[in-house]
Amino acid sequence: MTDARDLLKRLAHAYGVQTSYRGHDGLEHPVADQTLVAVLDALGCHVDPDGRASLEEALERRRLQPWTRVLPPTTVAHAGSGGSVAVHVPHGSAVTVRARLEDGGTRELEQLEDFTEPEPVDGMLVGRATFRLPADLPLGWHTLAARLEDGIDVEGVLIVVPDRLDTADAFGARRGWGLAVQLYSTRSTRSWGLGDFRDLAGLAEQAAAHGGDYVLSNPLHATAPAPPVVSSPYSPSTRRFLNPMYLRIEDLPEYHDLDPGLRSEVDALGDERRQDNADADALDRNAVYGAKLTALRWIHEVTPSPERAAAYRAYCSAEGGGLDDFALWCALRTTFAHDDPVWDEPGLVPGGALAERYRQQLADEVDFHRWMQWLCDAQLETAQSAARDAGMRLGLMQDLAVGADRNNADAWMLQDLLVGSMSVGAPPDMYNQLGQDWSQSPWHPERLQ
């Protein structure tokens with residue numbers, strides 16, 4: 001008879017949860033039962049770890065889960081390889097499936113022979129039909145559409161991904177080399193005490209002059225919307241947007257349109273911060289960020305040219321709701337402390353009534369943070385163009401943080417897709433016997449589908 005421990009391990013594996021890890025000592029270490037139960041609970045699987053019946057029921061529910069829906073929420077296929085998709089319908093019912101492509105075209109899928117026995121699910125016998133995914137489906141995000149014989153239509157996402165990336169093919173026999181830098185510490189005489197996007201472009205041009213093909217920088221993810229900020233670029237507030245701390249203020253067209261007196265004040269802020277460029281003391285991120293935000297708020301009041309205004313509108317339209325929600329979070333965070341009770345209000349979630357009310361009340365502040373992201377995007381694009389124009393075959397590359405801080409923007413914007421009660425980290429090693437907690441919530445694999 002299978003004991004409860006083995007059933008718990010099988011259940012964990014069914015949910016994709018590891019039950020052991022290889023330690024720094026080279027040995028395999030089991031994950032504690034209470035940890036497995038806690039992770040399963042966070043994933044929505046609630047069991048009594050000591051009860052065989054509870055565990056067996058949970059295993060059976062998990063096994064039958066695909067049989068409770070017609071199509072998988074998401075199907076991934078590799079270009080050139082094809083594959084198949086299982087469709088579940090009332091036993092004996094006919095079903096047809098087609099792929100609706102991004103470009104508006106459609107492909108009827110061929111049904112394959114499938115002799116899988118039907119399964120009783122919630123008092124109904126459910127059968128399985130299998131359809132071939134053609135190998136020549138184009139790359140992209142498509143839609144699978146199933147039509148049952150009673151006229152009911154069901155849809156799922158079909159993602160066709162490349163079987164391999166061909167970036168290295170362009171290099172041929174000559175291997176590429178490049179520089180790995182921490183941008184904040186890569187300063188020039190015109191920096192405001194920290195390296196910026198213009199410095200990144202200049203460094204890329206210098207490397208290209210010596211045959212370099214890339215510059216790899218630390219993560220450039222956004223940090224807190226106002227000082228104080230976390231020093232590590234690996235604990236960002238979001239991985240989706242950029243850090244305005246890296247903006248070169250003097251490269252903004254609107255800087256040159258400032259009233260001369262105000263432009264002099266901006267220049268004074270920059271001159272003060274530039275005094276730090278030649279010393280080896282600790283970098284003062286908070287002072288630099290504060291000075292740049294002050295300058296940016298003045299520049300934000302400048303009326304842009306029609307061309308610039310149109311470019312800004314196009315950027316906002318392309319970025320869509322993700323940018324809007326991030327800018328709203330920034331506006332909220334600059335208005336309310338992270339521990340303010342307002343964050344616990346049920347309507348203060350993306351799309352919630354309270355959030356929409358604040359979106360209107362804080363419209364100017366929301367626009368300020370949205371606008372800064374446009375500036376970052378443009379300056380980073382300019383830096384990449386400079387790198388490529390200088391002869392780099394790749395140009396700029398960015399490191400990517402493992403996740404975002406669990407108390408910041410991504411945790412708020414993507415709360416439905418994250419396991420908020422959990423935090424990822426690292427197991428114990430010879431340097432840290434207690435392991436590490438990175439304060440970053442993991443993705444919820446079920447909800448990602």
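Per-structure values
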read-out	value
Calculated P(r) tail over 25 Å for the range 215-336, as whole % of Cα pairs	31 percent
Estimated D of the range 97-217 in µm² per second, where Rh is the Kirkwood radius over Cα pairs and Stokes-Einstein applies at 37 °C, 0.692 mPa s	164 µm²/s
Relative contact order of the chain, pairs being alpha-carbon contacts under 8 Å that are 6 or more residues apart, as %	14 percent
Estimated FRET transfer efficiency when R0 is 41 angstrom, pair S423-W141 (beta carbons, to 0.05)	0.85
Where labels lie 7 Å past Cα in the beta-carbon direction, separation of L27 and D48 in nm	3.4 nm
Protection proxy ranking, peptides 318-324, 404-410, average beta carbon neighbours within 10 Å, highest first	404-410, 318-324
Once the Cα gyration tensor of the chain is diagonalised, semi-axes √(5λ) in Å	46, 28, 25
Hull volume in cubic angstrom per residue (convex hull over the Cα atoms of the range 178-413)	131 Å³
Residues H300, H256, sorted so that the one with the fewest Cβ neighbours within 10 Å comes first	H256, H300
Mean residue ellipticity (222 nm) of the chain, computed from DSSP H runs ≥ 4 via -39,500 (n - 2.57), nearest 500	-11000 deg cm²/dmol
Charge context of L183, other residues only, Cβ under 9 angstrom, K/R +1, D/E -1	-2
All-pairs Cα distance distribution in the range 69-161, expressed in whole percent, bin size 5 Å	3, 14, 25, 25, 16, 10, 5, 2, 0
Proportion of all alpha-carbon pairs of the range 318-435 beyond 16 Å (%)	71 percent
Extended-chain gain in nm, criterion 0.36 nm per residue less alpha-carbon gap, D271 and D284	3.2 nm
Kirkwood-based shape ratio for the range 1-125, expressed as Rg/Rh from alpha carbons	1.08
The chain: antiparallel DSSP beta bridges as a percent of all, rounded to 5	75 percent
Fraction of beta bridges assigned by DSSP in the range 178-413 that are antiparallel (%, nearest 5)	10 percent
Equivalent ellipsoid, the range 234-278 (semi-axes from 5 times Cα gyration tensor eigenvalues, Å)	25, 16, 8
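The numbers here are math on the coordinates, done by the rules we state, and not lab data. As the structure is a computational prediction, the values presented were derived from the model and not from experiment. Cβ atoms come from the backbone with ideal geometry, glycine included; neighbour counts cover every protein chain shown.
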